[in-house]
Amino acid sequence: MKSAIQICLLLLLAACKPVPETPKIEQYSIQQFYKNINISGGSFSADESKLLVNSNESGIYNAYEIDIESGESTALTDSQEESFFGVSYFPEDERFIYLFDEGGNEQYKIYMMTNGVSKSLTPEDTVRNLFWGWSRDQQSMFYSSNKRDARYMDVYELEVSAMEDEIPLGAMIYENDQGLNVSSISPNKRYLALVENITNADDKMYLYDRNTDEIKDISVHEGDVQYNPQFFSLDNQYLYYMTNKDQEFTYLARMQLESGEVEVVYSDSWDVWYAYQSWNDKYRVIGINEDAKTRVRVFDLESDQEISLPEIEGGSISSVSISKSEKLARLTVSTTTSPSNLYLYNFETGDLKKLTNTLNAEINPDHLVEGTVVRYASFDGLEIPAVYYQPKLASPDQKVPGLVWVHGGPGGQSRLNYFALIQFLVNQGYAILAVNNRGSDGYGKTFNHLDDLNHGDKDLKDCIAGKDFLASTGVVDMEKVGIIGGSYGGYMVMAALAFEPEAFDVGVNIFGVTNWIRTLRSIPPHWESFKESLYKELGDPYSEDSVRLYAISPLFHAEKVVKPLMVLQGANDIRVLQVESDEIVESVKANNVPVEYIIFEDEGHGFLKKENEIEGYGKIGEFLDQYLKGAPQEGV
């Protein structure tokens with residue numbers, strides 16, 4: 001038995017034992033998070049010495065070129081008002097194509113830039129134009145436009161030689177008078193692959209022969225099947241397309257055009273997301289949507305062997321663009337703690353070179369939080385996937401407020417990608433669960449269609465069940481849980497506050513639908529090709545479905561909202577009209593509920609200007625600190 005003196009000595013030694021220091025996690029301001037740079041694109045120049053990219057380094061998106069040898073970035077456009085997006089260099093010189101809309105109105109114009117001088121290739125106003133790509137012979141450009149009929153996107157071909165004319169005139173190669181969507185054009189320009197969206201689960205695929213002017217249904221099937229044409233073979237004999245015919249997950253198939261014979265090219269236990277082949281068919285690139293993360297596979301078609309892409313610490317390759325020589329590849333690398341970065345990979349030497357550094361140097365990446373894929377049981381036992389972000393300092397002794405984050409859609413998916421608002425809020429001490437409620441993409445066709453004609457019901461219950469997961473962590477203060485989302489996610493925010501008014505303590509609605517009848521009756525004209533499909537998923541506002549649409553529209557139940565609400569809206573939004581937000585704000589204010597409302601006059605459905613993101617997302621932080629956390633915000 002130890003003596004009293006021995007016991008005292010042991011206690012004294014224990015008291016002197018060093019206590020592990022709590023790691024210091026710095027909180028960063030919203031301004032610091034938006035000093036990060038978002039970079040997208042990456043088209044190779046004709047001589048493969050440069051990449052054409054888009055960057056918001058200046059505060060708004062402009063086109064830049066990156067010199068592959070030096071890594072130096074040079075601005076090619078200098079827009080101060082609208083976001084300019086470079087899409088492609090010309091095939092044989094350093095001219096390039098870019099497009100933009102006005103204030104987010106989605107009426108895109110196509111321009112070319114020659115030695116710093118811009119020229120419009122689509123001079124019509126109030127018209128939607130989209131760049132399609134270059135012909136195989138590199139002598140012309142394809143684009144789609146609804147200038148003939150606002151409802152339909154026709155396809156035009158514009159000769160490169162005609163682009164310098166005072167008024168460049170493209171020739172229509174497909175008049176889309178049936179509301180079909182053109183998905184691919186064969187190398188010899190004879191065939192077009194077309195898709196008819198019948199429902200959100202069922203498509204028809206057609207082959208249009210320009211030589212005979214005939215359209216043939218090449219997707220004869222029973223039941224619901226989706227089709228998504230990707231590309232034609234170089235010999236014009238095969239059409240490669242994605243489909244879920246007879247399978248739960250989307251796979252890559254090909255059809256022999258003359259015989260109609262079909263064979264599976266690649267399938268996986270997850271959805272194939274995209275597929276293409278390099279210029280001379282040396283490589284096939286396949287992107288798989290694997291549990292909220294892109295897995296890219298590259299196959300050498302000569303050896304039929306998979307190419308091992310380099311491992312990149314702290315990130316995953318989400319897309320690959322192979323140069324025309326098939327020697328180089330631009331790799332886009334994604335992570336949840338930094339905007340995507342671009343790398344250059346040399347197939348022949350194996351050399352890997354980082355071309356961009358998008359994270360603000362003031363931010364220590366070790367202080368940010370990687371998202372983790374989790375699953376939880378919903379009210380009926382259905383397993384719901386989600387991405388969870390837990391603040392570094394959260395613990396059972398230091399509980400933090402929580403947020404359920406709902407993605408856009410219908411459909412859509414929360415993925416392991418970077419979003420500055422999420423990282424900002426987690427850094428400020430909010431645990432976030434980004435739910436992939438039933439109806440989300442990426443988990444097979446059965447899961448994807450579980451919310452059809454049931455929106456605002458079981459999908460909402462999935463989001464509410466996310467609170468059970470937050471509780472299970474042991475680090476979330478369950479007296480302080482809010483809900484936040486944009487677009488369809490904004491609708492879910494309002495549905496939660498109106499139909500389950502005690503489920504969440506606050507709501508943040510970012511341009512969300514509040515009146516389904518109005519929204520579905522005022523969809524943009526160029527959505528005509530899939531309007532009926534949208535109606536069959538959500539309901540036809542001109543039919544008896546309007547009764548149900550009224551019932552699930554939060555605007556008509558706004559008197560039930562009793563928790564603080566914040567709403568953000570772009571004035572030029574053509575998908576969710578500003579009046580949606582105006583009316584819900586006024587209705588909820590009548591309940592003597594705290595409501596904050598921010599309108600951006602120069603934004604549409606999604607915010608592109610850094611100054612607006614800083615203002616809007618910074619105020620989200622202030623709003624949550626006041627009404628959810630209950631403490632003044634620091635570092636903003």
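Quick notes
- Test: residue in the stretch 258-269 that is hydroxyl-bearing (Ser, Thr, Tyr) and closer than 17 Å to residue 230 by Cα: yes
- Taking first residues from the stretch 548-573 that are of a type in the set (Gly, Ala, Ser) and partners that are assigned to a helix (DSSP H, G or I) and surrounded by fewer than 24 Cβ atoms within 10 Å (Cβ to Cβ), the Cβ contacts under 7 Å between residues at least 6 apart in sequence or on separate chains come to 553/517; 558/587; 571/578.
- For the residues 313, 290, 370, the requirement of being under 30 Å from residue 473 (Cα atoms), assigned by TED's automatic domain parsing to the domain that holds residue 419 and among the acidic types (Asp, Glu) singles out 370.
- Selection status of residue 429, under 23 Å from residue 28 (Cα atoms), buried (at least 20 other Cβ atoms within 10 Å of the Cβ) and not aliphatic (A, V, I, L, M): yes
- Extreme residue, surrounded by the most Cβ atoms within 10 Å (Cβ to Cβ), among residues of the stretch 103-126 that are within 23 Å of the chain's Cα centre (by Cα) and touching a residue at least 40 places away in the same chain (Cβ under 8 Å): 104
- Every test in (1) touching a Ser or Thr at 6+ places or on another chain (Cβ under 8 Å); (2) surrounded by fewer than 22 Cβ atoms within 10 Å (Cβ to Cβ); (3) within 20 Å of residue 586 (Cα to Cα) is passed by residue 518 save one, and that test is (1).
So that you can scan it fast, the table gives a plain yes or no per residue for (1) within 23 Å of residue 539 (Cβ to Cβ); (2) among the charged types (D, E, K, R); (3) modelled with pLDDT of 95 or more:
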{"site": "396", "(1), (2), (3)": "no, no, yes"}
{"site": "399", "(1), (2), (3)": "no, yes, yes"}
{"site": "410", "(1), (2), (3)": "yes, no, no"}
{"site": "429", "(1), (2), (3)": "no, no, yes"}
{"site": "447", "(1), (2), (3)": "yes, no, yes"}
{"site": "452", "(1), (2), (3)": "yes, yes, no"}
{"site": "478", "(1), (2), (3)": "no, no, yes"}
{"site": "482", "(1), (2), (3)": "no, no, yes"}
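- Residue, farthest from the chain's Cα centre (by Cα), within the stretch 527-555, restricted to residues that are surrounded by fewer than 23 Cβ atoms within 10 Å (Cβ to Cβ) and under 20 Å from residue 570 (Cα atoms): 555
A quick yes/no check of all residues on (1) within 27 Å of the chain's Cα centre (by Cα); (2) farther than 21 Å from residue 233 by Cα; (3) at pLDDT 95 or above:
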residue	(1), (2), (3)
277	yes, no, yes
295	yes, yes, yes
298	yes, no, yes
312	yes, yes, no
316	yes, yes, no
347	no, yes, yes
353	yes, yes, yes
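- The set of residues in the stretch 33-57 being within 22 Å of residue 333 (Cβ to Cβ), outside any strand (DSSP E or B) and out of contact with any helix residue (DSSP H, G or I) (no Cβ under 7 Å at 6 or more places or on another chain) consists of 35, 37, 38, 45, 48, 49, 57.
- Test for residue 467: is it touching a Gly at 6+ places or on another chain (Cβ under 9 Å), assigned by TED's automatic domain parsing to the domain that holds residue 581 and not polar (S, T, N, Q): yes
- Any hit, the stretch 290-300, residues being crowded, with 19+ Cβ neighbours inside 10 Å, touching an Asp or Glu at 6+ places or on another chain (Cβ under 8 Å) and assigned to a loop (DSSP other than H, G, I, E, B): no
The values are calculated or read from the model by the stated rules, or taken from the named source; none is laboratory data. Quick caveat, the model's predicted, so the values are computed rather than measured. Please note: Cβ atoms are built from the backbone with ideal geometry, for glycine as well, and neighbour counts cover all protein chains shown.
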